[in-house]
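The values are calculated or read from the model by the stated rules, or taken from the named source; none is laboratory data. Given the structure is predicted, the values throughout are model-derived calculations rather than measurements. Reconstructed Cβ throughout: ideal geometry from the backbone, glycine too, with neighbour counts over all protein chains shown.
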Amino acid sequence: MSLTEKPAETPERRAFYDKIDKEAFTPLWAVMSSIITPEPKSACQPHLWNFANAKAHLLEAGNLITAKEAERRVLILENPGMRGDSKITTSLYAGLQLVMPGEVAPAHRHSQSALRFVLDGAGAHTAVNGERTEMNFGDFVITPPQAWHDHGNHTDEPMIWLDGLDIPMVSHFDASFAEGYGDDEQPIDRTMGDSLARYGANMLPVDYHQEKLASPIFNYPYERSRAALEQMKDQGEWDPCHGLKMRYVNPVDGGYAMPTIAPFLQLLPKGFKTAAYRATDATVFVPVEGSGRTTIDGQVFEWGPKDIFVVPSWKWVTHEADDEAVLFSFSDRVAQEKLGLFRQDRGNN
Ligand code: GTQ
């Protein structure tokens, strides 16, 4: 017996397997090499979705169904290696959501955590736990588990953002609960910007105690994050594998901003080519600024702003920026770290 080879199947063994099969038994030695693999083996494939095409499809969907009828008018970015599973990676879901002028995506809540990364349009809003936030290009917005949320667009432009949710992870644990609020919009009892002022100014309310795992900040405006990268880039300290890469944190405990999804923002200077890197967290990338290409397991993907591409677990990846580029990304790294599963390989770097 070995970890990589299956023992031969003899007629006697086959007859035995068939006999015990009726009582819901299966011999481990016939499946061991496929369930305990020496390295990650995934159905997840590298893939890129072009934003211009996505936007055209979304606007077409805008004429076919309202946000209200759809509950959420979203086109799922479905990994080509896992069609039909509503997954972009084995553990994560991603979709592009459209809210047309004057529309509301009605209030509901669920066990799944969501992140929004704003791509197109400006000034629509989402409400979370009684507070509204305006959504602008590059903003990273969180909907914590079981938080009431509705989205509205009072502008005269369609609004499109990327949704990242832990739907497959929650399914994996069979832990999904969801309910509608019963009204389109939840009541608003906090002023806009309250949570950012309260929790995002390097201070916390004096007797604040952490009750929930998600960050109490629910909009990390691009303006602030981008300004931080702009300041740091002058230092010229580039990580060979990542350029300048930061993680969005929960200011209460310094951990990742969300309990199941790890969000990042990174800058690659013009002409920078990263060293080969691989990690067990399959990652969804969104170029925010700049253009370039990413090579995943030998396959080259050319990208520009707002495109979306996915890097599977444990595949070698390099990024190359033609102009100064900013990439948003998210993965299940936070969950893997908590479970002691995360592994990365920086080559010789
Ligand atoms: O905006 O609440 O892409 O509940 C999938 C499920 C978005 C949302 C999605 C959702 C939402």
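Could you tell me whether Val141 is surrounded by 22 or more Cβ atoms within 10 Å (Cβ to Cβ), out of contact with any Gly (no Cβ under 8 Å at 6 or more places or on another chain), β-branched (Val, Ile, Thr) and at pLDDT 95 or above? Spell out how you get there, then give the answer.
Working: surrounded by 22 or more Cβ atoms within 10 Å (Cβ to Cβ): yes; out of contact with any Gly (no Cβ under 8 Å at 6 or more places or on another chain): yes; β-branched (Val, Ile, Thr): yes; at pLDDT 95 or above: yes.
In short, yes.
Testing Ala122 on (1) assigned to a helix (DSSP H, G or I); (2) closer than 25 Å to Pro263 by Cα; (3) away from the ligand (no atom under 15 Å from the Cβ), one condition comes back false. Which one is that?
The failed condition is (1).
Scan region 325-343 for residues that are buried (at least 16 other Cβ atoms within 10 Å of the Cβ) and over 16 Å from Phe285 (Cβ atoms) and jot them down.
Of everything in region 325-343, those that are buried (at least 16 other Cβ atoms within 10 Å of the Cβ) and over 16 Å from Phe285 (Cβ atoms) turn out to be Val334, Ala335, Gln336, Phe342.
Among the residues of region 268-277, is there at least one that is surrounded by fewer than 20 Cβ atoms within 10 Å (Cβ to Cβ) and touching a helix residue (DSSP H, G or I) at 6+ places or on another chain (Cβ under 8 Å)?
Yes; the residues of region 268-277 include at least one that is surrounded by fewer than 20 Cβ atoms within 10 Å (Cβ to Cβ) and touching a helix residue (DSSP H, G or I) at 6+ places or on another chain (Cβ under 8 Å).
Those residues that are within 12 Å of the ligand (Cβ to nearest atom), touching a His at 6+ places or on another chain (Cβ under 9 Å) and within 16 Å of Phe285 (Cβ to Cβ), I need them from region 67-97; list them, please.
Leu77, Ile88, Leu96
Residue by residue through region 259-299, note down the ones that are in a strand (DSSP E or B) and hydroxyl-bearing (Ser, Thr, Tyr).
Those that are in a strand (DSSP E or B) and hydroxyl-bearing (Ser, Thr, Tyr): Tyr277, Thr283, Thr294, Thr295.
Any idea which residue in region 297-316 is nearest to Gly95 (Cα to Cα), counting only those that are buried (at least 22 other Cβ atoms within 10 Å of the Cβ) and among the aliphatic types (A, V, I, L, M)?
Checking each candidate, the answer is Ile308.
Could you tell me which numbered condition Arg116 fails, if it satisfies all but one of (1) farther than 18 Å from Pro287 by Cα; (2) near the ligand (Cβ under 10 Å from one of its atoms); (3) buried (at least 21 other Cβ atoms within 10 Å of the Cβ)?
For Arg116, the failing item is (1).
When you look at Ser42, is it modelled with pLDDT under 95 and more than 15 Å from the ligand (Cβ to nearest atom), yes or no? Give the steps one after another, and end with the answer.
Values: modelled with pLDDT under 95: no; more than 15 Å from the ligand (Cβ to nearest atom): yes.
It is false that Ser42 is modelled with pLDDT under 95 and more than 15 Å from the ligand (Cβ to nearest atom).
Name the residues in region 196-250 that are over 18 Å from Phe117 (Cβ atoms), within 25 Å of the chain's Cα centre (by Cα) and among the polar types (S, T, N, Q), would you?
Passing the criteria: only Gln210.
For Met100, only one of the following conditions fails: (1) in contact with a helix residue (DSSP H, G or I) (Cβ under 9 Å, 6 or more places away or on another chain); (2) in contact (Cβ under 8 Å) with a residue 60 or more places away in the chain; (3) within 15 Å of the ligand (Cβ to nearest atom); (4) farther than 30 Å from Leu3 by Cα. What is its number?
Of the numbered conditions (1) in contact with a helix residue (DSSP H, G or I) (Cβ under 9 Å, 6 or more places away or on another chain); (2) in contact (Cβ under 8 Å) with a residue 60 or more places away in the chain; (3) within 15 Å of the ligand (Cβ to nearest atom); (4) farther than 30 Å from Leu3 by Cα, the odd one out for Met100 is (2).
Among all residue pairs at least 6 apart or on different chains, which show Cβ distances below 7 Å where the first residue, located in region 47-58, is over 13 Å from Val74 (Cβ atoms) and the second is of a type outside the set (Lys, Arg) and part of a helix (DSSP H, G or I)?
Within 7 Å, the pairs are His47/Pro80.
Quick one: which residue in Gly138, Gly164, Gly152, Gly95 is farther than 25 Å from Arg247 by Cα and small (Gly, Ala, Ser)?
Just a single option satisfies the conditions, and that option is Gly152.
Of all residues in region 155-176, how many are of a type outside the set (Asp, Glu) and farther than 25 Å from Arg226 by Cβ?
The initial filter retains those residues of region 155-176 that are of a type outside the set (Asp, Glu), namely 155, 158-162, 164-165, 167-173, 175-176.
Then keep just the ones that are farther than 25 Å from Arg226 by Cβ; that gives 167-173, 175-176.
Qualifying residue count for the region: 9.
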